[in-house]
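Novice: Quick one: the structure is below, and I'll ask about it shortly.
The values are calculated or read from the model by the stated rules, or taken from the named source; none is laboratory data. Small disclaimer: the values here were computed from a predicted structure and weren't measured. Glycine gets a Cβ as well: all are built from the backbone with ideal geometry, and neighbour counts include every protein chain shown. Each accessible area value is taken on the protein alone, full model and side chains, heavy atoms only, with ligands, DNA and RNA left out. Shrake-Rupley method; radii C 1.70, N 1.55, O 1.52, S 1.80 Å.
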Amino acid sequence: MALDTSLILLNDLEKLCRDGQLNSVLNAVNIMDERGLYVSTHILSCLLQLGMDKADSRAARKLYHLLIRLGYDSDCHLASQLIHMHLLCESLPEALQVFGKLSTTDAFLWNSVILAHARLGYNQQTLNLYHRMQECGVSADKHILAVAVKACSGLASLDQGRLIHCYIVERGLGSNDFIVSTLIDMYSNSSGIEDAQRVFNCAPIQNVVAWNTLIKGYIKHGLVSSVVKLYCQMQQQGVELDRITFISILKTCTGASDLDQGRSIHRQAVEKGFELDSLIVARLIGMYGSTGHLLEACMVFEEAPKQDLRIWNAMIAIYAQHGQNAETLTLLKGLQQAGLEANFSTSLSLLKGNNRVISLDQVRSVHGMVVELGFDKESPVMNTFITMYAKCESLHDACRVFNSVLSPDLVTWNAIIGAHAMHEQGMNALQLFHYLQTQGWDLNWATLCASLNACSSVGAIGEGNLIHSFIIESSLECDIMVMNNLIDMYIKCGNLIDAFEVFDSLTDRDVVTWTTLISGCCQHYQYEKGLQLFQEMQEEGVLPNHVTLVSILKACHCLSALDQGKLLHECIVGRGLDSEVSIINALIDMYAKCGALLDGRKVFDKSCIKDVVTWTTMIDACVQHESGPEAVFLFKKMQQEGIEPDRAAFLCAFKACSSVAALTQGKAIHRQSFERGFSLDNAIVNSLIDMYMNCGSLIDAQQVFEEAPFRDIVTWTSMIAGCARHNNYQLAQEYFQNMGQVGIKPNSVTFLSLLSACAHVGLREEGLSHFKSMLSLGISPMLEHFTCIAEVLAHSRDLDAAEDVFETCPFRMDIAGWLSLLPHCKNSPSMAKRCFDYLAGMDCKKAAGFVLMANIYVAAGLTESASLVENLRHHANAWKKPGKAYIELGNQVHEFTCGGKRIPEIDAKLQELATEMKQEGHTPLVDLVLQNTPNEEKERVLCGHCEKQAIAFGLLNTAPGATIRVSKNLRMCADCHSASLTICKIERREIIVVDELCVHVFKDGACSCKFEYD
Ligand SMILES: [Zn+2]
Ligand SMILES: [Zn+2]
């Protein structure tokens, strides 16, 4: 009886299948299964065949689950059918999942799977599958080899492309004309055009396809003049030109604006009968239009035998490009009257016409036209507008368009979810996602990627977890794009562990998967882990792309792993990736941050492509390595080479001017930055204040402050710190009070600036009272605050109390702390010795400690002890940092180094001054020179001090009475300080010296600083 029922059922089901009732059969089979009835492979096969005919992805997924439940998912025949069905539905991840479970697979199935991936442009997967197929011993035919080469071309992967090329030659397929063209394309995409030309030259027959591919390569490399030559060669060799040839050539004429050539090609195209080809007609219109010959473009349009949508779009694009909105509108109306419907590419033509950079106004104006003509019912057109508005930073307009769409499709929904995620409205994006879910929409990869991005943007890890479960439920976990976004979501939400878990669960990982996790590790400061993953990635045969390399170079500099960085550099050069600008920038940065400025400079000089980031990175590196004059020079040179500075470049230029007190150029760059619209940018304003303070110009800093449109805590603190550097406690205190009056609460940096102002001048009561009020505000002091307090005490000659602070503060005092105390111990060599011993105990390689100690012994008349310390310094290998002084004259910064080359004119000027200074009562502090030489030689050494040289150079080269402005990288020495006091009097000049610690303004025989130099 049971058997009979089955038979009857089987007949019925077969009939239903023949009638195409997919869902009815599916339901029936499900019911059969629930009732424990036998379901034959025959009926399943019929069902799958029906599924293939319908190409319904939802049904395909149901069928897949049915097969698993029935245990047929590894049945070779059924699985193959299922795979083909998935492929027809373009559900590649599902196809791969079934495919992966099959133990034996034939060449036909391999080919289908690989070709389907290639067709949809999944290059990495195509290549992976190709390699797996080779490993399984299934030999690739010429079609598979061609798509593998194409995939390499798409990935611009020269290494893999070469490997497959070798294999092709081995297999004797090297002269197959079909493969030759793909090889030409691969080389022109991933290597230089020379390699492509070589393959072309070696081909036994150069057919028109090979020629066209070569032309495409030349166009891609911007070698337009060569393209015209190739075109002539083709004609000479009697190659029959086809439509592709004409299409490419006409594109070149647009680029080169070579109209004569264009006209002759036009004639030939007509001779060959291509005037009926609408794409060629559209290209002709584009050629005439883009070179400004609208009349000829119109003639081509009028004469076209059949004006289809493509031709109309070309005309519309031309008019929109020339900003002729009225004509554009007339054309759009004409298009409608011709009974054609504007489509996706019409709106694209309009937007493209309005040039590459599209502003919000332009999108609005085009949108207005579209609405006026009633095209706003077209959902593809509206979907484009949603994305366009979102990209132009108007979520509001994007939402307006979305609301006007009567029946949004999934693309519309994905666009609006993406728009919200882009505008950091992650929660709203997620609400839209949930709405779609509850309405039972069949969500695709794009929906999930957009929703995961939404989670990332607001750190919604809980929502992210839910989406993760949903991905598993809907068997989308084999879609590599979705999984990469999932990993990215976990990283951006700060959960590296789950990111790793997802990563480990994947069977297929492409370069994006690896790179996402590697840069995630770097974002979470796990640089070593990042390097380890990089190693594993290469072991698995996945080649890094430029994003991976940039992350790894960052990891190298964060770990100061110069050797590893150098190895990576070699590998980058070996793979020919050293022309990628982001990699160049990362290389320069890596070298500079690892202390190898010269290596970074070599990369910079060798690179032929430099963008604003490249220049800024190099300028910043120079500033870091105390090459200020070079940094200022490079900023000028960058602009001479036609690169406009951006915000980061300006910030960097201000730092460069700061480091060498280049006030004139700093002012010019200041003006320039305001002209570029940065006057409202707080970071720019704050760094301008820092720059003027460091150039020793309090007035300019104050003016920037007064004119600042908005003052934040950094602005105020910069002013206070600047006043401290100018030893102007009163002014610092004033700014501090005003800041409180406008309701801004000081932070720990503000207090540090204030305390250092007290420390410089030695204001004990004020310093201690600020320290107390800082504690009462609940701001916990850091080591630097204690150092300041100790300095304040030392300044008021309370050395014991200062030492007490150091010994009782909750931090271990660092080298900088003891160094700051040392100069105050002038009158107490024993205390100085204690400081010095602390420093020695900290394995101090800084020469400053030794030098200060020796000077204190000299001042106390203990020259022998001084020499002893000098010897210790030599033993400790604590070499003095070369003193450098800078002075800006005209538009150039001049650099002087202590003990550097002497210039006769400057020496003569200093000799002349020395005599006058002696008359004024200045005696050179020869004891500061710890060499066993006669006093005359010591005086000569003192004259070689860089700040004196710079001052003399300034006196010689500026108008009488002009202010001399010098910057020094270390502290000014006592002799130079006292000499400057006298020089300013003799020469009747204001001399400003900005040193490591403060700004000295020498005027009328006095200095603004209150340091006890002698
Ligand atoms: Zn000096
Ligand atoms: Zn001074």
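Novice: Please go through the residue pairs K220/K610; K938/K1003; K593/K880 and name each one whose alpha carbons sit more than 24 Å apart in this structure. Each step should come with its number before you reach the end.
Specialist: Details: K220/K610 20 Å; K938/K1003 27 Å; K593/K880 22 Å.
In this structure, K938/K1003 lie more than 24 Å apart at Cα.
Novice: Would you calculate the separation in nanometres between label points at T863 and R119, each defined as 7 Å from the Cα along the Cα-to-beta-carbon direction?
Specialist: Here the answer is 9.6 nm between the modelled labels.
Novice: So, one more: Residue by residue through the range 915-932, which ³J(HN,Hα) values in whole Hz follow from phi under the Karplus form 6.51 cos²θ - 1.76 cosθ + 1.60 (θ = phi - 60°), with glycine and proline marked x?
Specialist: Result, ordered by residue: 4, 5, 5, 4, 5, 7, x, 8, 10, x, 7, 4, 5, 5, 8, 8, 10, 8 Hz.
Novice: What does the net charge come to around C943 if you take all other residues with beta carbon closer than 12 Å to its beta carbon, with K and R at +1 and D and E at -1?
Specialist: Around C943, the charge tally is -2.
Novice: Can you compute the modelled spin-label distance between Q892 and Q911, with each label point 7 Å from Cα toward Cβ, in nm?
Specialist: Computed distance between label sites Q892 and Q911 equals 2.5 nm.
Novice: Take the Cβ-Cβ distance between R58 and R243 as r, set R0 to 30 Å, and report the resulting FRET efficiency rounded to the nearest 0.05.
Specialist: On the way: r = 40 Å, r/R0 = 1.33.
Here the calculated transfer efficiency is 0.15.
Novice: Convex hull over the Cα atoms of the range 576-730, averaged projected area in nm²?
Specialist: Values: hull surface 38.2 nm².
One quarter of the hull surface, i.e. the mean projection, equals 9.6 nm².
Novice: Now, a different point. Helix 410-422 versus the longest principal axis of the chain: what is the Cα-based angle in degrees, 0 to 90, to the nearest 10?
Specialist: 0 degrees
Novice: Any idea of the accessible area per residue across the chain, 1.4 Å probe, to the nearest Å²?
Specialist: Value for the chain: 46 Å² per residue.
Novice: Please figure out what share of the DSSP beta bridges in the range 882-1014 is antiparallel and state it in percent, rounded to the nearest 5.
Specialist: 80 percent
Novice: Would you mind checking the tilt of helix 480-492 against the longest principal axis of the Cα atoms of the chain, expressed as 0 to 90 degrees and rounded to 10?
Specialist: Between helix and principal axis, roughly 30 degrees.
Novice: Across every pair of different alpha-carbon atoms, what Kirkwood hydrodynamic radius in Å does the chain reach?
Specialist: It is 35.4 Å.
Novice: Carbon and sulfur atoms: what percent of the 1.4 Å accessible area of the chain do they account for? Spell out each step's value before the answer.
Specialist: Values: 24570 of 46370 Å².
Within the chain, the accessible surface is 53 percent carbon and sulfur.
Novice: Let me ask something additional. Treating only the Cβ atoms of Lys and Arg (+1) and Asp and Glu (-1) as charged, compute the dipole magnitude of the chain about its Cα centre; round to the nearest 20 debye.
Specialist: Dipole size: approximately 1440 debye.
Novice: Between C298 and E996, 0.36 nm times their residue separation minus their Cα-Cα distance comes to what?
Specialist: Extra length from C298 to E996 when fully extended: 244.2 nm.
Novice: Moving to a separate point now. For the chain, take the longest principal axis of its alpha carbons; what is the angle in degrees between that and the long axis of helix 325-337, to the nearest 10 within 0 to 90?
Specialist: The angle comes out near 20 degrees.
Novice: Same structure, new question: Would you grab the residues whose amide H sits under 5 Å from the one on V994? Only those 5+ places off in sequence or on another chain, please, with H modelled 1.01 Å from N.
Specialist: So V994 has HN proximity to V966, S967, K968, H1000.
Novice: Given the Cα-Cα distance of N11 and D843 and 0.36 nm per residue of separation, how much length would full extension add, in nm?
Specialist: Stretched fully, the N11-D843 segment lengthens by 290.2 nm.
Novice: Report the Cα-based extents of the range 233-296 along its three principal axes, largest first, to the nearest Å.
Specialist: 33, 23, 16
Novice: Let me ask you something else. Would you work out the Kirkwood radius for the range 7-145? I mean one over the mean of 1/r across all pairs of different Cα atoms, in Å.
Specialist: Answer for the range 7-145: a Kirkwood hydrodynamic radius of 15.7 Å.
Novice: Please state the shape class of the range 418-495: rounded when a/c is under 1.5, otherwise prolate if a/b exceeds b/c and oblate if not, all from the C-alpha gyration tensor.
Specialist: Cα axes put the range 418-495 in the oblate bin.
Novice: Tell me, in nm to one decimal, what length is gained between Q236 and S773 on full extension, where the rule is 0.36 nm per residue of separation less the Cα-Cα distance?
Specialist: Computed gain between Q236 and S773 is 184.3 nm.
Novice: Relative to 2.2 N^0.38 Å, what does the C-alpha radius of gyration of the range 474-542 come to as a ratio? Two decimals please. List each step's numbers first, then the result.
Specialist: Working: Rg = 11.3 Å, N = 69, 2.2 N^0.38 = 11.0 Å.
Ratio of Rg to 2.2 N^0.38 Å for the range 474-542: 1.03.
Novice: Under a crude label model (7 Å from the Cα following the beta-carbon direction), how far is K101 from E539 in nanometres?
Specialist: The modelled label-to-label distance comes out at 3.1 nm.
Novice: Apply the Karplus parameterisation 6.51 cos²θ - 1.76 cosθ + 1.60, with θ equal to phi minus 60°, to every residue of the range 453-459 and state each ³J(HN,Hα) to the nearest whole Hz, in sequence, with x for glycine and proline.
Specialist: Along the range 453-459, the couplings run 4, 4, 4, 4, 5, 10, x Hz.
Novice: For a quick check of understanding: with a 1.4 angstrom probe and all protein chains in place, what accessible area in square angstrom does D605 have, to the nearest ten?
Specialist: Counting only protein heavy atoms, D605 exposes about 90 Å² to solvent.
Novice: Per residue of the range 564-579, what does 6.51 cos²θ - 1.76 cosθ + 1.60 with θ = phi - 60° give for ³J(HN,Hα)? Whole Hz please, x for Gly and Pro, Karplus curve as stated.
Specialist: 4, x, 5, 4, 4, 4, 4, 5, 5, 5, x, 8, x, 9, 7, 10
Novice: If ligands, DNA and RNA are left out, what is the accessible area of W211 with a 1.4 Å probe, given in Å² to the nearest 10?
Specialist: Accessible area of W211: about 0 Å².
Novice: For an R0 of 25 angstrom, estimate the FRET efficiency from the Cβ-Cβ distance between D800 and E765 and round to the nearest 0.05.
Specialist: Using R0 = 25 Å, I get an efficiency of 0.90.
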